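**Student:** I have a structure I would like to understand better, so I am pasting it below and will then ask my questions one at a time.
The values are calculated or read from the model by the stated rules, or taken from the named source; none is laboratory data. This structure is a prediction, so every number in the text was calculated from the model and none was measured. Please note: Cβ atoms are built from the backbone with ideal geometry, for glycine as well, and neighbour counts cover all protein chains shown. With ligands, DNA and RNA removed, areas are computed over all heavy atoms of the protein, side chains included. Shrake-Rupley method; radii C 1.70, N 1.55, O 1.52, S 1.80 Å.
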Amino acid sequence: MNPTLQDTLLSAIRTIPDYPKPGILFRDITTLLGDARAFRRAVDELVHPYAGTKIDKIAGIEARGFILGGAIAHQLSAGFIPIRKKGKLPHDTVRVAYSLEYGVDEMEMHRDAVKPGERVMLVDDLIATGGTADGACRLLTQMGADIVAACFVIDLPDLGGRAKLEALGVDVRTLIAFEGH
Ligand code: AMP
């Protein structure tokens, strides 16, 4: 019998306690990426509801969102937009500040990466407080993108990120939830 999606993901995601600081349970997807079946399954399940939906571009958040987003872009025959930490992109950029657990940081994308009206799916590995994804959504909408969905393998619902994006009217897809943070 085929393992359920939950079983596949639970056994492929590694949890590292107290990384990068005490009290955090780091959900490490490198083990999922290294497992051909689990990686493929995660990508297939993320895109499943959007098969047949017109999506022009996938926007991936540095760095794990690049790996998942690249695979999803291929699957959906869409282009790919890298959203990066400030100072990494070589051409003319737009920048937005976003909140982290402690303090703020800035992320950027190329100004010409998306055209007004293009339909974009945002991708990252995990949504926690939603600060990162919210910043990425603001960048994309500022450039006129229509955000079709935001997709994450992992949801930490206790931190409220998913609810925050949904309150902005974004359709959120996640595959597995873990309690706590
Ligand atoms: P947030 O902005 O709070 O939603 O945090 C999401 C970003 O931080 C994503 O890019 C995640 O990769 C990373 N992140 C936050 N919490 C964790 C965690 N417990 N395990 C792994 N990555 C995390």
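**Student:** Could you tell me the convex hull volume per residue, in Å³, taken over the Cα atoms of the stretch 52-177?
**Tutor:** For the stretch 52-177, the hull spanned by Cα atoms encloses 97 Å³ per residue.
**Student:** Suppose a student asked you for the relative contact order of the stretch 52-177, using Cα pairs under 8 Å spaced at least 6 residues apart; what percent would you report?
**Tutor:** 23 percent
**Student:** Just subtract the alpha-carbon distance of Asp92 and His74 from 0.36 nm times their residue separation and send over the number in nm, one decimal.
**Tutor:** Taking Asp92 through His74 to full extension adds about 3.9 nm, to one decimal.
**Student:** Which of the aspartates and glutamates could be linked to Lys86 by a straight reach, that is with a Cα gap under 19 Å, when you skip same-chain ones fewer than 8 residues away?
**Tutor:** Filter leaves Glu62, Glu101, Asp105, Glu106, Glu108, Asp112, Asp124, Asp134.
**Student:** A further question follows. Which order do the peptides 40-52, 140-152, 14-26 come out in when sorted by mean C-beta neighbours inside 10 angstrom, highest first?
**Tutor:** Descending mean neighbour count gives 140-152, 40-52, 14-26.
**Student:** Another question, then. Loop-only check: which GluC sites (Glu not before Pro) in the stretch 101-181 are DSSP coil with at most 15 other Cβ within 10 angstrom?
**Tutor:** Passing sites in the stretch 101-181 are Glu101, Glu179.
**Student:** Restricting attention to the stretch 95-178, which trypsin sites (Lys or Arg not before Pro) occupy a DSSP loop and are surrounded by at most 16 other Cβ atoms within 10 Å?
**Tutor:** For trypsin sites (Lys or Arg not before Pro) across the stretch 95-178 that sit outside H, G, I, E and B with at most 16 neighbouring Cβ atoms in 10 Å, the list reads Arg111.
**Student:** To continue, here is another question. Looking at the stretch 86-153, send over the antiparallel percent of its DSSP beta bridges, to the nearest 5.
**Tutor:** 55 percent
**Student:** How much length is gained if the chain between Glu106 and Asp146 is pulled fully straight, taking 0.36 nm per residue apart and subtracting their Cα-Cα distance, in nm to one decimal?
**Tutor:** 12.2 nm
**Student:** Now for a different question. For the stretch 1-93, what class follows from the C-alpha gyration tensor (a ≥ b ≥ c being the square roots of its eigenvalues): rounded when a/c is under 1.5, otherwise prolate if a/b is larger than b/c, else oblate?
**Tutor:** Taking the square roots of the gyration eigenvalues as a ≥ b ≥ c, the stretch 1-93 is oblate.
**Student:** Quick query: amide H of Cys151 versus all other amide H atoms, modeled in the peptide plane; which residues come in under 5 Å with a sequence gap of 5 or more or a different chain?
**Tutor:** Counting only residues 5 or more places away or on other chains, the set is Leu122, Val123, Asp124, Arg173.
**Student:** Please list, ordered by chain and number, the residues whose modelled amide H lies under 5 Å from the amide H of Ile58; skip anything fewer than 5 residues away on the same chain.
**Tutor:** Gly79, Phe80, Ile81, Met121
**Student:** Here's another thing I want to ask about it. Starting from the Cα of Leu25, step 7 Å toward the Cβ, then list every residue of the stretch 117-134 with an amide N under 15 Å from that point.
**Tutor:** Under 15 Å, as judged by backbone N against the label point of Leu25, lie 127-128 of the stretch 117-134.
**Student:** Let me ask something else. For the chain, list the DSSP H helices whose alpha carbon atoms reach 15 Å or more along the long axis and whose average Kyte-Doolittle value is -0.5 or above?
**Tutor:** What comes out of the filter, once short or polar helices are dropped, is 36-47, 64-76, 131-142.
**Student:** I've got another one for you. Just the number please: accessible area per residue for the chain, 1.4 Å probe, all protein chains included, in Å².
**Tutor:** 50 Å²
**Student:** Then there is this: Could you compute the FRET efficiency for Asn2 and Glu166, with r as their C-beta to C-beta distance and R0 at 25 Å, rounded to 0.05?
**Tutor:** 0.25
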